[in-house]
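Below is one structure; the comments refer to it alone.
The values are calculated or read from the model by the stated rules, or taken from the named source; none is laboratory data. What you see is a predicted model, and the numbers here were worked out from it, not measured in a lab. Ideal geometry is used to build each Cβ from the backbone, glycine not excepted, and the neighbour counts take in all protein chains shown.
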């Protein structure tokens, strides 16, 4: 029987790369999307072409009822969950003077509360199975890479890191909970508004002298989900190519 990986936000970018990597490696996929159904269905088609099943579900992960419904459908279809990847996130980048409480709360609700809710339902189920892995996608912005336009995003990712440690304790000894903190990853949404001069400047901060790729992150997430990483728990692993000042 194939293992099952639940991934929030598989429409594009890092979430899509993770979904495809797990499908290539023998997992069936449960994937969520929030708005772009067409992109999500394209990912679903690519997953199926790799020989995996994919349950696709529109879900606002900040709403408990939505997450509960997703959980029930996933368990009904596959009767098991082996890995949860909390990937879905938003970033509302504005000048500090233009930031509002409404946008700040929305960022926290999706990035932090959503991670909590997904982990609560699927983590408790994996605990009852006495096996499972949770990988939270945070950011170096939650550690020590700071931009004033990202106050709310940075705070949410710092919260995800803290949540990771608490969840690891909550679900011990059966479920490993780890956190991946990407640095400058050249996803389409990340670089679409950047000029080449700024991209080059950011790459110069990286020891590897290049931006990371979605596949770099997917490779790490797959490893953390494997038996080879069974003694890695409650860790925050930077994946940033090495950065000056980090």
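Count of segment 2-33 residues, restricted to those that are out of contact with any strand residue (DSSP E or B) (no Cβ under 7 Å at 6 or more places or on another chain) and in a helix (DSSP H, G or I), is 6. Those helices (runs of 4 or more DSSP H) of segment 154-243 in which at least 2 residues are under 23 Å from residue 17 (Cα atoms), modelled with pLDDT of 95 or more and in contact with a helix residue (DSSP H, G or I) (Cβ under 7 Å, 6 or more places away or on another chain), considering only elements entirely within it, cover 214-225. Screening residue 142 with (1) crowded, with 21+ Cβ neighbours inside 10 Å; (2) within 22 Å of residue 64 (Cα to Cα); (3) without any contact (Cβ under 8 Å) to a residue 40 or more places away in the chain gives one miss only, at (2).
When residue 96 is tested against the conditions (1) more than 20 Å from residue 126 (Cβ to Cβ); (2) in contact (Cβ under 8 Å) with a residue 40 or more places away in the chain; (3) out of contact with any helix residue (DSSP H, G or I) (no Cβ under 6 Å at 6 or more places or on another chain), the lone failure is (3). Taking the stated definitions as given, is residue 68 surrounded by 13 or more Cβ atoms within 10 Å (Cβ to Cβ), touching a strand residue (DSSP E or B) at 6+ places or on another chain (Cβ under 9 Å) and either within 25 Å of residue 229 (Cβ to Cβ) or modelled with pLDDT of 95 or more (or both)? For residue 68, the condition - surrounded by 13 or more Cβ atoms within 10 Å (Cβ to Cβ), touching a strand residue (DSSP E or B) at 6+ places or on another chain (Cβ under 9 Å) and either within 25 Å of residue 229 (Cβ to Cβ) or modelled with pLDDT of 95 or more (or both) - is not met. Among residues of segment 165-177 that are on the phi > 0 side of the Ramachandran plot and touching a residue at least 40 places away in the same chain (Cβ under 8 Å), none has a beta-carbon under 6 Å from a residue that is surrounded by 16 or more Cβ atoms within 10 Å (Cβ to Cβ) and outside any loop (DSSP other than H, G, I, E, B) at least six positions away or on a different chain.
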